[in-house]
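Worksheet for the structure shown next.
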């Protein structure tokens, strides 16, 4: 097989930064979607994501570029570009070059993250990302965050959610998780399941409910009765066609004791993060099989793949 994964980069909303990482006037270079990008925040506080190379002579705008009001200035010749990508000023000319334009990605800020909309043909956004009220609720903790860069594609990572059997054999759970429901509607998929947890009180049955909003954002609810209610806001962003960054961001419902909350939350988050490190060697070394030999009790893998296929632009598939 020439490539492990026969997929282009999917389209959708993808996290490119945490909102708190950028004060007004800050600029950063990054790489996602197989492209060099510049992320910047103008003096009014608005975020912008654009292709990084200046269309004049190719300088990287994220390396030495600076914000001037609502414009981004190139470090090479001082050309400026507006938030919509248009060349707005050439300091040594009375005219601007209207053909000199940066590709600009739609941006939204949700749940303290900066999301950019990527589509290979620059099609407009086709759905939204929901606000999660628990993120700013004082009854819930602040984020417990972690980030991983893994040599795999977003689809393979997401497929784990409909593969309950692997939890026993990869993560050592006592039982195979029980899937209660799996539904898809447009860009949203919903999976409700029951999972056993080993707790100080013995084995408890709890919940893992996964709500995917396109290929880049998931809300995952965990419940361990009497111990943990938590949301994981999982952001999955393709770096290129075989490398993915995943960010886990947990908020946990507070108990009366702040110390008890912190102990429980840290133990729970540590366990979920451990599972990522257990999955990573499999993801990084497995290949996608278009026609897998499934057991009759496997999860809805084929239904998941059909749902996910909508996020590949037809001309790119």
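The values are calculated or read from the model by the stated rules, or taken from the named source; none is laboratory data. Note that the structure is predicted; figures quoted are calculated from it, not measured. Counting neighbours? That spans all protein chains shown, and the Cβs are built from the backbone with ideal geometry, glycine included.
Residues 25, 34: which one is in the same structural domain as residue 65 (by TED's automatic domain parsing), modelled with pLDDT of 95 or more, within 16 Å of the chain's Cα centre (by Cα) and surrounded by fewer than 22 Cβ atoms within 10 Å (Cβ to Cβ)?
Values: 25 fails: within 16 Å of the chain's Cα centre (by Cα).
Unique residue meeting the criteria: 34.
Residue 87 satisfies every condition listed in (1) free of Cβ contacts under 8 Å to residues at least 60 places away in the same chain; (2) assigned to a loop (DSSP other than H, G, I, E, B); (3) more than 15 Å from the chain's Cα centre (by Cα) except (2). Restricting 104, 152 to those that are modelled with pLDDT of 95 or more and touching a helix residue (DSSP H, G or I) at 6+ places or on another chain (Cβ under 9 Å) reduces the list to 152. With respect to the conditions (1) within 29 Å of residue 287 (Cβ to Cβ); (2) part of a loop (DSSP other than H, G, I, E, B); (3) modelled with pLDDT of 95 or more; (4) out of contact with any helix residue (DSSP H, G or I) (no Cβ under 6 Å at 6 or more places or on another chain), residue 44 lacks only one, and its number is (1). Against the test of being in contact with a strand residue (DSSP E or B) (Cβ under 8 Å, 6 or more places away or on another chain), closer than 30 Å to residue 150 by Cα and not assigned by TED's automatic domain parsing to the domain that holds residue 311, the options 39, 67 yield a single qualifying residue, 39.
Got at least one residue in region 47-62 being exposed (fewer than 14 other Cβ atoms within 10 Å of the Cβ), outside the structural domain of residue 240 (by TED's automatic domain parsing) and under 24 Å from the mean Cα position of the chain (by Cα)? No, because not a single residue in region 47-62 is exposed (fewer than 14 other Cβ atoms within 10 Å of the Cβ), outside the structural domain of residue 240 (by TED's automatic domain parsing) and under 24 Å from the mean Cα position of the chain (by Cα).
From the list 271, 278, which residue is touching a residue at least 12 places away in the same chain (Cβ under 8 Å) and either assigned to a helix (DSSP H, G or I) or over 19 Å from the mean Cα position of the chain (by Cα) (or both)? Full working, then the answer.
On the way: 271 fails: touching a residue at least 12 places away in the same chain (Cβ under 8 Å).
Matching residue, one of 271, 278: 278.
Filtered by the rule that a residue be buried (at least 16 other Cβ atoms within 10 Å of the Cβ) and out of contact with any helix residue (DSSP H, G or I) (no Cβ under 9 Å at 6 or more places or on another chain), region 244-272 gives 245, 247, 261, 264, 265, 268, 269, 272. When restricted to residues that are at pLDDT 85 or above and in contact with a strand residue (DSSP E or B) (Cβ under 8 Å, 6 or more places away or on another chain), region 168-202 contains 15. Evaluated against (1) farther than 29 Å from residue 202 by Cβ; (2) out of contact with any helix residue (DSSP H, G or I) (no Cβ under 9 Å at 6 or more places or on another chain), residue 304 falls short on exactly one condition, (2).
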